[in-house]
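Trainee: Take this structure, written in structure tokens, and hold onto it; I'll ask about it next.
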Amino acid sequence: MPFLPALIRASLVILLAATMARAGSFPDDLKVGGFAVGCQAYTFKNYTVFEAIDKTASIGAKVIEFGTRQMLSPEEPMVKFNHEAPREVWEKVKAKLTEKGITPVAYGVVALSKDEDVSRKVFEFAKYFGIRVINTESVEAIDTFEKLVKEYDIKVGFHDHPKRPDHPEYQMWDPNYILSVVKDRDPRIGSCADIGHWVRSGLKPVDCVRILKGRIMSSHMKDLNAPLPSAHDVFWGTGVSDVPAILDEFKAQGFDGPISVEYEYNWENNVIDAAACIGFVRGYGAKK
């Protein structure tokens, strides 16, 4: 039948489009240098959510990852913003985001519960803001939140903190452990790749990213001044994390974000630091 090849081709196009939509590719207007890269609000933890949004907009980023502990604004410094805040607080943040042209794409690191009703509050929060990825370390709740991942079509990334010699039971630092947890789970469950914490754990980040190929849901990007537990953040491209190689691997895997600048240094005056990191990705994209 002469029409069959065309029909097959059309079906493949539809399948590819559906796969890309499921993978959550970002529109170009949210990208810098080919990636949806913005700030983790924790970078500005000494300020309010409104100020974190202002600072994110000021450096040319288009997206933000919310944390769980910041207060709302200088005008309402005692009002906390997170998934447990009243809806009117959410509405104020959404209006601020619209004003500044910033899109929330991730939320965390947040505890998820085995209690479905408790975890559902987090997913409802993410749904309200259009957040694509919830970042957590709650391995024990995976049976519960896997159901919610399927229901809401929202990804979950397992975040890694550094290796803890005094707590050998902590395994999230090891990408092989994360892979063992997620490999038989819904494909929207994977890793929130914290690059700096892998460096602090004595690992080579690009190798970690390769181990987790296809399972990178989000990333907290850091470049550190030394491969030591006590190392601190530096401008991307000037430290030991090999950010260009990591971005190359992300690109090869088809991962375009979200990537969060989580700059945990120079806390009171790190807008220029964060801007330099965004600028690095912009330059990376222009070079490519």
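Trainee: Out of the residues in the stretch 64-100 meeting the condition of being among the basic types (Lys, Arg) and over 24 Å from ILE259 (Cβ atoms), tell me which one is surrounded by the most Cβ atoms within 10 Å (Cβ to Cβ). If you could, list the steps in order and put the result at the bottom.
Mentor: So the first thing to find is which residues in the stretch 64-100 are among the basic types (Lys, Arg), and the list is 69, 80, 87, 92, 94, 96, 100.
Filter once more, so that each one left must be over 24 Å from ILE259 (Cβ atoms): 80, 87, 92.
Numbers: LYS80: 14, ARG87: 8, LYS92: 20.
Selected residue: LYS92.
Trainee: For ALA61, all conditions in the list (1) open to solvent by less than 10 Å² (accessible area, probe 1.4 Å); (2) closer than 24 Å to GLU124 by Cα; (3) out of contact with any Phe, Trp or Tyr (no Cβ under 9 Å at 6 or more places or on another chain) hold save one; what is the number of the exception?
Mentor: Answer for ALA61: the failing condition is (2).
Trainee: Out of (1) over 21 Å from PHE35 (Cβ atoms); (2) of a type in the set (S, T, N, Q); (3) open to solvent by less than 20 Å² (accessible area, probe 1.4 Å), what's the single condition that is false for SER218?
Mentor: All conditions are met except number (1).
Conditions tested, residue by residue: (1) of a type in the set (Lys, Arg); (2) outside any loop (DSSP other than H, G, I, E, B); (3) at pLDDT 95 or above.
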| site | (1), (2), (3) |
| --- | --- |
| ALA61 | no, no, yes |
| GLU65 | no, yes, yes |
| PRO74 | no, no, yes |
| GLU99 | no, yes, yes |
| PRO104 | no, yes, yes |
| ASN135 | no, yes, yes |
| ALA141 | no, yes, yes |
| PRO168 | no, no, no |
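Trainee: So, of the residues in the stretch 164-176 that are within 19 Å of the chain's Cα centre (by Cα) and not hydrophobic (A, V, I, L, M, F, W, C), which turns out to be most open to solvent (accessible area, probe 1.4 Å)?
Mentor: Kept after step one, since they are within 19 Å of the chain's Cα centre (by Cα), are these residues of the stretch 164-176: 172-175.
Narrowing the set further to residues that are not hydrophobic (A, V, I, L, M, F, W, C) leaves 174-175.
On the way: ASP174: 42, PRO175: 3 Å².
If we take residues in the stretch 164-176 being within 19 Å of the chain's Cα centre (by Cα) and not hydrophobic (A, V, I, L, M, F, W, C), then ASP174 is most open to solvent (accessible area, probe 1.4 Å).
Trainee: With (1) more than 18 Å from VAL63 (Cβ to Cβ); (2) in a helix (DSSP H, G or I); (3) more than 18 Å from the chain's Cα centre (by Cα) as the list, and GLY279 as the residue in question, which single condition is left unmet?
Mentor: Result: GLY279 passes all but (1).
Trainee: Test of understanding: among ALA252, ALA274, which residue is farther than 25 Å from LYS150 by Cβ and either more than 19 Å from the chain's Cα centre (by Cα) or open to solvent by 20 Å² or more (accessible area, probe 1.4 Å) (or both)? Before you say what the answer is, go through the steps one by one.
Mentor: Values: ALA274 fails: either more than 19 Å from the chain's Cα centre (by Cα) or open to solvent by 20 Å² or more (accessible area, probe 1.4 Å) (or both).
The conditions single out ALA252.
Trainee: Please specify each residue of the stretch 27-49 satisfying the condition of being in a helix (DSSP H, G or I) and surrounded by fewer than 19 Cβ atoms within 10 Å (Cβ to Cβ). Full working, then the answer.
Mentor: So the first thing to find is which residues in the stretch 27-49 are in a helix (DSSP H, G or I), and the list is 28-30, 41-44, 49.
Passing the criteria: ASP28, ASP29.
Trainee: Then there's this: Please go through (1) surrounded by fewer than 23 Cβ atoms within 10 Å (Cβ to Cβ); (2) free of Cβ contacts under 8 Å to residues at least 40 places away in the same chain; (3) over 22 Å from TYR47 (Cβ atoms) for VAL234 and return the number of the only condition it doesn't satisfy.
Mentor: All conditions are met except number (3).
Trainee: Taking GLY257 as meeting all but one of (1) in contact with a strand residue (DSSP E or B) (Cβ under 8 Å, 6 or more places away or on another chain); (2) closer than 18 Å to HIS197 by Cα, write down the number of the exception.
Mentor: All conditions are met except number (2).
Trainee: So, one more: Just one of LYS121, LYS114 is touching a Ser or Thr at 6+ places or on another chain (Cβ under 8 Å) and open to solvent by 80 Å² or more (accessible area, probe 1.4 Å); which is it? Please lay out each step first, then the result.
Mentor: Working: LYS121 fails: touching a Ser or Thr at 6+ places or on another chain (Cβ under 8 Å).
Selected residue: LYS114, the only one of LYS121, LYS114 that is touching a Ser or Thr at 6+ places or on another chain (Cβ under 8 Å) and open to solvent by 80 Å² or more (accessible area, probe 1.4 Å).
Trainee: Could you tell me whether VAL209 is assigned to a helix (DSSP H, G or I), in contact with a strand residue (DSSP E or B) (Cβ under 8 Å, 6 or more places away or on another chain) and more than 16 Å from ILE134 (Cα to Cα)? I'd like the intermediate steps shown before the answer.
Mentor: Working: assigned to a helix (DSSP H, G or I): yes; in contact with a strand residue (DSSP E or B) (Cβ under 8 Å, 6 or more places away or on another chain): yes; more than 16 Å from ILE134 (Cα to Cα): yes.
Judged against the criteria, VAL209 is a match.
The values are calculated or read from the model by the stated rules, or taken from the named source; none is laboratory data. Since the structure is predicted, the reported quantities are computational estimates derived from the model, not experimental observations. Using ideal geometry, Cβ is built from the backbone for each residue, glycine included, and neighbour counts are taken over all protein chains shown. Ligands, DNA and RNA are stripped out before the accessible areas are found, and what is left, the full protein with its side chains, is counted by its heavy atoms. Shrake-Rupley method; radii C 1.70, N 1.55, O 1.52, S 1.80 Å.
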